[in-house]
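Written out below as structure tokens is the structure these notes cover.
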Amino acid sequence: MTEQAGEPAESATGGQWPLWEVFVRSRRGLSHSHAGSLHAPDAQMALRNARDLYTRRAEGVSIWVVPSAAVTASSPDEKDPFFEPAGDKAYRHPTFYEIPEGVKHL
Amino acid sequence: MTTTAEPGAAPAQAGPDQDALDALLAEFDAAVAADSRIEPRDWMPDAYRATLVRQMAQHAHSEIIGMQPEANWITRAPSLRRKAILMAKVQDEAGHGLYLYSATETLGVSRDDLLDKLHAGRQRYSSIFNYPTLTWADVGAIGWLVDGAAITNQVPLCRCSYGPYARAMVRICKEESFHQRQGYELLLALSRGTAAQHAMAQDAVNRWWWPSLMMFGPPDDASAHSAQSMAWKIKRHSNDELRQRFVDICVPQAEVLGLTLPDPDLRWNEERGAHDYGVIDWSEFQEVLRGNGPCNEQRLERRRTAHDNGTWVRDAAAAYAAKHRKAQA
């Protein structure tokens, strides 16, 4: 149950090519975002496959590929107390503060 | 619920006690009820996982087997324009298969295992691809009707409860729209062409109409997995609802094409605000599912051969990667 997350199903030696996560920058000025994953024997092939798989309609100007096994994730399930510290700190948001009406540029 | 569907996976759940399991299940049910998405590392019932693997694998297999009937016409496309379009479409189908295999792997299965099961006939693909493409007009009929039916099925899957499946479907649906429109345009050109071309277009529609209606699966009262899948929000609409939607969409489109749909019982029902249509021959559907369609053997054989013929390429790429890893070490 715990090992299936984001980890390659097989190692490179298991016969199946390793799994890579693909990140695409859709245009200049935007950050790369996760597009999906694919199998490839090495980084160069992963890049080429990613181009053919995720940018067939000019969806990107730059691609990153990262071995899935190299991704460290925050917790085995995504409802973890790990994120709780942020939960009760409403004062970190601008809407927490009451400002008299008519005050401008604030 | 968790113990019946997958005997092999049951022991893994012997660890946590029943209360913990109930709590996990309650959390899962609440997430589904709230229209939140289930993500790969969330706890999920074994039967939910098994249902997704079955459906997503079948979907992925359908995409790559679906390359065959159309690829059959690439070398004989009537113009360079049509050939370029058809190649792009067949390449898209390969891409759709890859999106879906990736998404399926997030459930903890390996891609090699999925392909082995396809090749051994232990996982299915859509029965529509067991029909032959006899003429060039079939490429148009597939785009209009088969991809049209697929879109009708797939648009609701973009809101499926399993995140990776829903995200793959968003990509796929965007691309399917091109598939359907190129097919429609192709049929329109034939329909408005010579008498022989028009007849060829009509013949293709005659052959693909009923199998396309069967793509939505058995009627609701005979569909084995429907009720549970709808409760899990994997499925959002029943087979018959989607089939009706498709019929209602196609009727006016056929009129513009100047082609008829081969169903004498097809007519507008004012009371229902929908079209009535004739009885589907489900015995044909069952026969094709059983492996007795016109092309079942040919499709699987072709797939196995292609996979075997690719072995040396996969081996060479792996050997090259290993050599360079060594050189860099």
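The values are calculated or read from the model by the stated rules, or taken from the named source; none is laboratory data. Fair warning: this is a prediction, and the values are worked out from it, not measured in the lab. Counting neighbours? That spans all protein chains shown, and the Cβs are built from the backbone with ideal geometry, glycine included. Heads up: the accessible areas ignore ligands, DNA and RNA and are worked out on the full protein's heavy atoms, side chains in. Shrake-Rupley method; radii C 1.70, N 1.55, O 1.52, S 1.80 Å.
Couple of notes before you dig in:
- Label-zone membership for segment B:216-234, site residue B:159, 7 angstrom Cα→C-beta point, backbone N under 17 Å: B:229-234
- Listed peptides B:301-311, B:76-86 by packing density, highest first (mean Cβ within 10 Å): B:76-86, B:301-311
- Axis of helix B:311-328 versus longest Cα principal axis of chain B: the two differ by about 50°, to the nearest ten degrees.
- Length added when fully stretched, residue B:298-residue B:267, from 0.36 nm per residue minus Cα-Cα: 7.4 nm
- Mean per-residue shielding of peptide A:35-43 is 6, counting Cβ atoms of other chains within 10 Å of each Cβ.
- Just so you know, the Rg over Rh for segment A:8-74 is 1.00, from Cα atoms, with Rh as the Kirkwood radius.
- Derived scalar couplings between HN and Hα for segment A:101-106 equal 5, x, 6, 9, 6, 10 Hz in order, rounded to whole Hz, by the Karplus curve 6.51 cos²θ - 1.76 cosθ + 1.60 (θ = phi - 60°), x for Gly and Pro.
- Between residue B:281 and residue B:34, the modelled label-to-label distance comes to 5.1 nm, taking each label 7 Å out from Cα in the direction of the beta carbon.
- Residues whose amide H lies under 5 Å from that of residue A:36, counting only those 5 or more places away or on a different chain, are A:22; hydrogens are built 1.01 Å from N in the peptide plane.
- Estimated [θ] at 222 nm from DSSP helical runs (n ≥ 4, -39500 (n - 2.57)) normalised by residues in chain B, nearest 500: -20000 deg cm²/dmol
- Solvent-accessible surface (1.4 angstrom probe) belonging to residue B:221, in square angstrom, nearest 10: 150 Å²
- Under a Gaussian network description of chain B, with springs only between Cα atoms under 10 Å, the residue in B:97, B:163, B:121 that fluctuates furthest is B:121.
- Cut-off under 5 Å, modelled amide H: who pairs with residue A:62 long-range: A:25
- Computed from the C-beta positions of residue B:306 and residue A:58, the FRET efficiency with R₀ = 41 Å rounds to 0.90.
- Pair-distance profile P(r), taking every C-alpha pair of the protein assembly as shown, with 20 angstrom steps and integer %: 22, 52, 23, 3
- Look at the stretch B:101-109: the mean tally of other chain Cβ atoms within 10 Å of its residues' Cβ atoms is 4.
- Per DSSP, loop GluC sites (Glu not before Pro) in segment B:193-272 with at most 15 further Cβ within 10 Å: B:270, B:271
- Among A:24, A:41, A:61 the positive-end extreme of the charge dipole of segment A:8-74 (Cβ point charges): A:61
- Computed over chain B: relative contact order in percent, which uses C-alpha pairs under 8 Å that are six or more apart: 17 percent
- For chain B: lysine pairs under 23 Å (alpha-carbon distance), excluding those fewer than 8 apart on one chain: 4
- Here the spin labels are modelled as points 7 Å beyond Cα on the Cα-Cβ line, and at residue B:227 and residue B:240 they lie 1.4 nm apart.
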